[in-house]
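Participant: Encoded as structure tokens, here's the structure I'll be asking about.
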């Protein structure tokens, strides 16, 4: 997990650094507008991890405030579902078509997609930090991905000397997972269910990335 985080941090930060360097020239070029827009979106897509932090932090207090307003109207539930599917439908279609093209069938591989989306959510702190570092010009060392030369079914990384370094980031991820677990338990006890899909994505994602890192460090 730590090696994966290092790799994703490097890619996210490098992508934003490349965007900061190239976007001014791209925007002033003679390319058609839709080409320039696509290039900007492509080079800045890792800022989505920073934007994800806003609803992540506000989700629990917002739902609590809505509870104090009395019975939740069906229109609000519809808005929650619309936002949820708007945020996930593109991922489902993209990977669903990829699975269909590669395996020739969707089942049972399509069942991995919720876990894949949870993993992307759990990586938001790691990749959001990378985007922010690039934005403020913070310089960091180049951390290569561990290569363990695992050969055959009996190969293992456990006794190899090269390991990714420890990081306090996993503790913050664990705190975030506990925060959403508290929210999930509280709202279920109050029979408030309309925000549960968001809570489950955050809980599974952040527990997986934090505990995976702590287990590897140990």
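Participant: Before we move on, is residue 176 under 22 Å from residue 62 (Cβ atoms) and in contact (Cβ under 8 Å) with a residue 12 or more places away in the chain?
Facilitator: Details: under 22 Å from residue 62 (Cβ atoms): yes; in contact (Cβ under 8 Å) with a residue 12 or more places away in the chain: yes.
Here the answer is yes, as residue 176 does meet what is asked.
Participant: Something else about it: Taking the stretch 82-112 only, how many residues are part of a helix (DSSP H, G or I) and out of contact with any helix residue (DSSP H, G or I) (no Cβ under 8 Å at 6 or more places or on another chain)? Can you show your working first?
Facilitator: Taking the stretch 82-112 as the starting set, the residues that turn out to be part of a helix (DSSP H, G or I) are 82-103, 109-112.
Still in the list and also out of contact with any helix residue (DSSP H, G or I) (no Cβ under 8 Å at 6 or more places or on another chain): 82-83, 85-87, 89-90, 93-94, 97-98, 100-102, 111-112.
Adding up the residues that qualify gives 16.
Participant: Filtering the stretch 57-75 down to residues that are assigned to a helix (DSSP H, G or I), surrounded by 12 or more Cβ atoms within 10 Å (Cβ to Cβ) and at pLDDT below 75, which residue is farthest from the chain's Cα centre (by Cα)?
Facilitator: Checking each candidate, the answer is 67.
Participant: Pull out all pairs, ordered by first then second residue, where Cβ-Cβ is under 7 Å, the residues are six or more apart or on different chains, the first lies in the stretch 144-173 and is farther than 13 Å from residue 217 by Cα, and the second is surrounded by 10 or more Cβ atoms within 10 Å (Cβ to Cβ) and at pLDDT below 70.
Facilitator: 146/162; 146/163; 146/164; 148/160
The values are calculated or read from the model by the stated rules, or taken from the named source; none is laboratory data. Please read these numbers as outputs of a predicted model, since none were measured by experiment. Please note: Cβ atoms are built from the backbone with ideal geometry, for glycine as well, and neighbour counts cover all protein chains shown.
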